[in-house]
Amino acid sequence: MTHLEFPKAFTWGAATASYQIEGAWKEDGKGESIWDRFTHQPHRILNGDTGDIACDHYHHMLEDVTLMKDLGLQSYRFSISWPRILPDGTGRVEPRGLDFYDRLVDELLNTGIRPNATLNHWDFPQALQDKGGWANRASADWFTDYARVVFEKLADRIPQWATHNEPFVVAFSGYGDGSFAPGIASYHQALQATHHLHLAHGQTVQLYHQFGYPGEIGIVLNLAPFKPKTDDPADVAAAIRIEMFINQLFMDPIFKGQYPDELMAWLDGMTPEIQDGDMGVINQPIDFLGVNYYFSQIASFNPHGLFKLKTEPKVDPGWTITDKGWGICPSGLTELLTQIQEDYTLPPLYITENGTALGEPVDDTGFVNDQGRINYLRAHFQAAHQAIQKGVDLRGYYVWSLMDNFEWAEGYDLRFGLINVNFNDPERKRTPKASFEWYRDVIKHNAVPA
Ligand code: IFM
């Protein structure tokens, strides 16, 4: 069998996020997060699931790092829970919260796994939500102060940092349609939150660089290619609008120091309040861009809704739609990476998340023979390889996710893990799936079967 080899220094990783795996929601002085509050409200989450225990990673951290070692993982991407560090969001620091991450980082380093930390993967402190959350301009300073506390403790040993994970989702699922915490449905607030997330990012990058910490800092965005359904100008315009909304609303301020004019005109009356100097703060040089890629979409004109369009999944020939409703489209990954490299002056890129949830029967021993996930990952790794061949400066790939976990509004129904977790078992037994073994081989050989 022929293999596609990746560049020598290519990094193979896997990713998780604090609320999705840690559990221990009230332990060791942790404060309440917006997801703690949201999941305890009726009818917010499928089956009434919560992240109270999740994978109980807080108590299984050593076992989980051993599994990572067994997988041969080169880097582990995790996130830090803000209210575990600052229970009230600002002010008083909880040393037991910091110690948890301190132990995790040391354990990873002792095992030869490079830590990659994200400061905001959505579990925002409820105490600050009570003051308006990301819709309040003060959130940019709250976040920078939190980042300072974390950097002081951990920046000497964590070589790669991301400010936010998918700020689009924070703003538009959290404040726009309200399907995610904090459950606010106001596009005006969502756009205000977008601007403050940007500002928080820029200020934190400035701080990190000013202090001369030894590593790199960047941001993780969910990006996707969008194609018009037909060449009717109304469909073409619809595809441009959705692309501006999901991709350019986040890429342009960071890499060009401006919001997309056409989008702002479309959103007239809802646009955020921007103060003098803000765009310069946001347009900081960053050391890498993390791309989370899951799907491509087809857009067409539709007379209803804010953006007057509808989307449908784009599925590559021979592929299907996942349990999440996302079309499997590996070619979209190559297309996206080459497109953004053409449209912007970018730092090195990482795929910071990619993976899938497919219905997977679990046998009596907890084993899952997830050939579907193997096929999915193989095709996406091949697509990434193709992008590198086309000149994209892609430095690494993090599979979502290391283990099955709390999939937000879908609770525990959707399983993205390389490791099966039995959520009915108080011990949360972990069992590596077939894809775990397969990925181990890819990492070992730094190559994927062609
Ligand atoms: O589980 C999420 C993750 O938290 C953010 N990116 C998408 C994943 C799958 O939906």
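The values are calculated or read from the model by the stated rules, or taken from the named source; none is laboratory data. The model shown is predicted, which means the values in this text are computed figures rather than measured ones. When we count neighbours, we look across all protein chains shown, and the Cβ atoms used for this are built from the backbone with ideal geometry, even at glycine. Ligands, DNA and RNA are stripped out before the accessible areas are found, and what is left, the full protein with its side chains, is counted by its heavy atoms. Shrake-Rupley method; radii C 1.70, N 1.55, O 1.52, S 1.80 Å.
Karplus couplings for the range 295-312 from phi (6.51 cos²θ - 1.76 cosθ + 1.60, θ = phi - 60°), rounded to Hz, Gly and Pro as x?
Rounded to whole hertz, the list is 7, 10, 9, 10, 10, 9, 5, 8, x, 9, x, 4, 9, 6, 7, 10, 10, 9.
What fraction of the DSSP beta bridges in the chain is antiparallel, stated in percent and rounded to the nearest 5?
Expressed as a percentage, antiparallel bridges in the chain total about 30.
How big is the range 378-450 by Rg and Dmax over its Cα atoms, in Å?
15.2, 48
Let me see the P(r) profile for the range 307-378: every Cα-Cα distance counted, bins of 5 Å, each bin given as a percent of all pairs.
Final binned percentages: 3, 12, 18, 19, 17, 14, 9, 4, 2, 1, 0.
In cubic angstrom, how much convex hull volume per residue do the alpha carbon atoms of the range 43-186 span? Please list the in-between numbers first.
Numbers: hull volume 17.7 nm³, N = 144.
Convex hull of Cα atoms, per residue: 123 Å³.
When N counts the residues of the range 147-194, how does its alpha-carbon radius of gyration compare numerically with 2.2 N^0.38 Å, as a ratio?
Ratio of Cα Rg to 2.2 N^0.38 Å: 1.51.
Dipole magnitude of the range 148-306 about its Cα centre, charges +1 at Lys/Arg Cβ and -1 at Asp/Glu Cβ only, in debye to the nearest 20?
Dipole size: approximately 440 debye.
Per residue and in cubic angstrom, what volume does the convex hull of the Cα atoms of the range 179-223 have?
For the range 179-223, the hull spanned by Cα atoms encloses 100 Å³ per residue.
Rg and Dmax of the range 212-342, using alpha carbons, in Å: what are they?
16.5, 52
What does the extension gain come out to for Ala9 and Asn302, with contour length at 0.36 nm per residue minus their alpha carbon separation? Present the calculation step by step, with values, prior to reporting the outcome.
Working: separation 293, 0.36 × 293 = 105.48 nm, distance 4.62 nm.
Fully extending the segment from Ala9 to Asn302 adds 100.9 nm.
Nearest-5 percent of antiparallel DSSP beta bridges in the range 287-352?
Counting only bridges with both partners in the range 287-352, antiparallel ones make up about 70 percent.
Take the range 190-262, drop everything but the C-alpha atoms, weight them equally and run the Debye formula without solvent; then report log10 I(q)/I(0) at 0.11, 0.22, 0.25, 0.26 Å⁻¹ to two decimals.
Rounded to two decimals, the profile gives -0.38, -1.01, -1.15, -1.20.
Could you state how much accessible area Ile246 has, in square angstrom rounded to the nearest 10, with a 1.4 Å probe and all protein chains kept in place?
20
At 1.4 Å probe size, with the rest of the protein present, what percent of the exposed accessible area of the range 337-450 is carbon and sulfur atoms? Provide the component values of the computation, followed by the final result.
Values: 1900 of 4230 Å².
Solvent-exposed carbon and sulfur of the range 337-450 make up 45 percent of the total.
For the range 27-93, what is one quarter of the convex hull surface built on the Cα atoms, given in nm²?
In nm², the orientation-averaged hull projection of the range 27-93 is 6.0.
Cα extents of the range 259-405 along the three principal axes, largest first, in whole Å?
That works out to 61, 40, 30 Å along the principal axes.
What percent does the relative contact order of the chain come to when contacts are Cα pairs within less than 8 Å and at least six residues apart? Kindly include the intermediate steps, with their values, before the conclusion.
Numbers: 937 pairs, mean separation 81.2, N = 450.
It rounds to 18 percent for the chain.
Along its three principal axes, how long is the range 68-139 when you only count alpha carbons? Whole Å, largest extent first please.
Ordered largest first, the range 68-139 gives principal extents of 44, 23, 14 Å.
Quick check on the chain: what does the Kirkwood estimate of hydrodynamic radius come out to from the alpha carbon pairs, in Å?
22.1
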